[in-house]
Structures are given as structure tokens and as C-alpha cells.
Amino acid sequence: MNKSGYLITFEGIDGCGKSVQVQRLTEKLDEKGFEYILLREPGGTLISEKIREVLLTKAEEPMTPLAEFLLFSAARAQLTNYTILPALKEGKIIILDRFFDSSTAYQGYGRGIDPDFIQRVNRMATSGTDPDLTFFLDIDLEEMKKRRKKSGKALDRMEDQALEFFNRVREGYQELARANSERFYIIDGKKSIDEISREIWQEIEQRILSAASPTKKN
Ligand code: ADP
Ligand code: TYD
């Protein structure tokens, strides 16, 4: 693909601190005058947000792992082709809260769907688009439980899984990070919010902002 933008993704188990860090990063990009687009998965387009609703709402009828994977993939195909690829072509920085690594970790390692099948569908849904940089915020399950308790929020369909499921998802991310070390940057998610946001900004400055010149606001 003819791309000149940058795709930065955030990954990790639920509660690892992605939302907080994505917010910090956009504040920094605003301060420095860089243009960016902020997106999340599943979601980011009208159709993908509707699919999100189906995926995260608890229902009487249990969802099969295959239906779940294909729905995440459908939302991803729509977001990639409708929004991500055009923006990358225009040279924009895209900050994306979860991408296909989430399906490899959650539906592959978590649910046990065949990894080759996952990889094939992931490539199709994204037209072979890889992130330039992926931040994996790693927390253990004790920390996840602690943060859940503190927030007191009701769990959605995906969050309401056995702890063993999240253990497999976390191990999946750790393996993915080892196998794709050129684009993965692992962060100890138990460090302070300030420390993590400094680490993320440093990495982005080094690997992205100094390497070329993404579009700046006028
Ligand atoms: P995610 O988007 O990955 O699910 P959030 O950013 O919503 O996670 O964070 C989940 C909870 O953990 C929030 O209550 C947030 O304030 C808290 N949190 C985030 N980062 C840290 C951190 N580094 N240390 C302690 N608590 C954190
Ligand atoms: P969200 O509220 O965005 O959670 P978080 O703040 O932790 O990112 O919900 C997304 C949920 O969907 C989350 O539990 C992870 C899960 N998920 C998958 O299982 N597979 C996927 O491919 C994606 C994108 C998300």
C-alpha cells in the first residue's frame, strides 16, 4: 500500500491502562501541534459501533467463539477500509486503541480458535496493514482485579470471563510481543501513569516523529 502516515496501536488485557495513556498521548500531540486521528476497536465507524454493541452487550443467547471472532473482524474490515487506510494515505498519525493483535490474543489464545485461521482473517480484514508501533501494557491478573474493584463498574460481556481466560490472553500478548519485537514495545503497566506516559512519548519521538515528518496542524 502507498502509505505515508503512522499507525500506533495500544494493546493489553482489560484495565491495563490503555484509555488513560491514549488520552495522555493525544494531549501531548495537541501540545506539539501534530494532527492525529483517535480510534478504538471494535468501533470507529457507524457500522463498527453497531457491531461493538452486539459484541459487548450481554444477551440471553450465548455467542459462539467463531461468531465472536467474525464480528470483531467485520468491525475491523469496515474501520480499516473506511477510515484507517485513507488517513494513512494522507500522512496522518492514527492512534488506535486495540487492533488485530486483540483478536489473536483474545479469540486465538483466549478462546482457542485456530491461529492460522485467525492470522488469515486478520490479514484480510486489515488488507495486510501492520502497525508501525504497538504498545503492550502488561499487568497481572491481581492488578486487573484490584482496578476492577476500585472502579466498581458493571462488567460487559467480554470482561465477564473467568480469570483463566485473561491469563491465556495475557500469555498470548507476551508471545506476540516476543515474536514481533520490531514493532512491539512492552511496558510494565504497574508503573505510575506519569512514568508510562513519559516512556510512551519518548518512544514515539524516537521511532516516529524524528524519523519523518507527519502532518502538522496549520
Ligand atoms: P483500559 O482502557 O486498558 O481498559 P483504563 O485506562 O480505563 O484501562 O484504566 C483502568 C483503570 O485503571 C482506571 O480506573 C485507571 O484510572 C486505572 N489506571 C490506569 N493506569 C494506571 C496505572 N498506571 N496505575 C494505577 N492505576 C491505573
Ligand atoms: P473495551 O470497552 O474497548 O475494553 P478496553 O477498554 O479494555 O479496551 O472493549 C473491548 C473488549 O473487546 C475488550 O474486552 C477486548 C475485547 N476484544 C476482543 O476480544 N477481540 C478483539 O479483536 C478486540 C478488538 C477487542
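The values are calculated or read from the model by the stated rules, or taken from the named source; none is laboratory data. On a predicted model such as this, the values are computed, not experimentally measured, just so you know. Quick reminder, even Gly has a Cβ in these numbers, built from the backbone with ideal geometry, and neighbours come from all protein chains shown. Keep in mind that these areas ignore ligands, DNA and RNA; they rest on the heavy atoms of the full protein, side chains included. Shrake-Rupley method; radii C 1.70, N 1.55, O 1.52, S 1.80 Å.
Structure summary
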{"item": "Residue within the stretch 198-213 that is closer than 30 Å to Glu60 by Cβ, away from ligand 1 (no atom under 12 Å from the Cβ) and open to solvent by 80 Å² or more (accessible area, probe 1.4 Å) present", "result": "no"}
{"item": "Residue in the stretch 110-123 that is small (Gly, Ala, Ser), crowded, with 17+ Cβ neighbours inside 10 Å and within 21 Å of Val20 (Cα to Cα) present", "result": "no"}
{"item": "Yes/no for Asp130 being acidic (Asp, Glu) and more than 20 Å from Gly17 (Cβ to Cβ)", "result": "yes"}
{"item": "Matching residues in the stretch 14-72 - criterion: being assigned to a loop (DSSP other than H, G, I, E, B), open to solvent by less than 30 Å² (accessible area, probe 1.4 Å) and of a type in the set (Lys, Arg)", "result": "none"}
{"item": "Test result for Glu143, exposed (fewer than 14 other Cβ atoms within 10 Å of the Cβ) and out of contact with any Pro (no Cβ under 6 Å at 6 or more places or on another chain)", "result": "no"}
{"item": "Members of the stretch 162-175 found to be open to solvent by less than 40 Å² (accessible area, probe 1.4 Å) and either out of contact with any strand residue (DSSP E or B) (no Cβ under 7 Å at 6 or more places or on another chain) or among the polar types (S, T, N, Q) (or both), listed by number", "result": "Phe165, Phe166, Val169, Gly172"}
{"item": "Hits in the stretch 85-104 - residues which are part of a helix (DSSP H, G or I) and within 13 Å of ligand 2 (Cβ to nearest atom)", "result": "Phe100, Asp101, Ser102, Ser103, Thr104"}
{"item": "Residues of the stretch 39-65 satisfying the condition of being under 19 Å from the mean Cα position of the chain (by Cα) and either more than 13 Å from ligand 2 (Cβ to nearest atom) or free of Cβ contacts under 8 Å to residues at least 24 places away in the same chain (or both)", "result": "Thr45, Leu46, Ile47, Glu49, Lys50, Arg52, Glu53, Val54"}
{"item": "Residue match in the stretch 80-99 (condition: among the aromatic types (Phe, Trp, Tyr) and touching a residue at least 60 places away in the same chain (Cβ under 8 Å))", "result": "yes"}
{"item": "Residues within the stretch 152-171 that are away from ligand 2 (no atom under 11 Å from the Cβ) and part of a helix (DSSP H, G or I), tallied", "result": "6"}
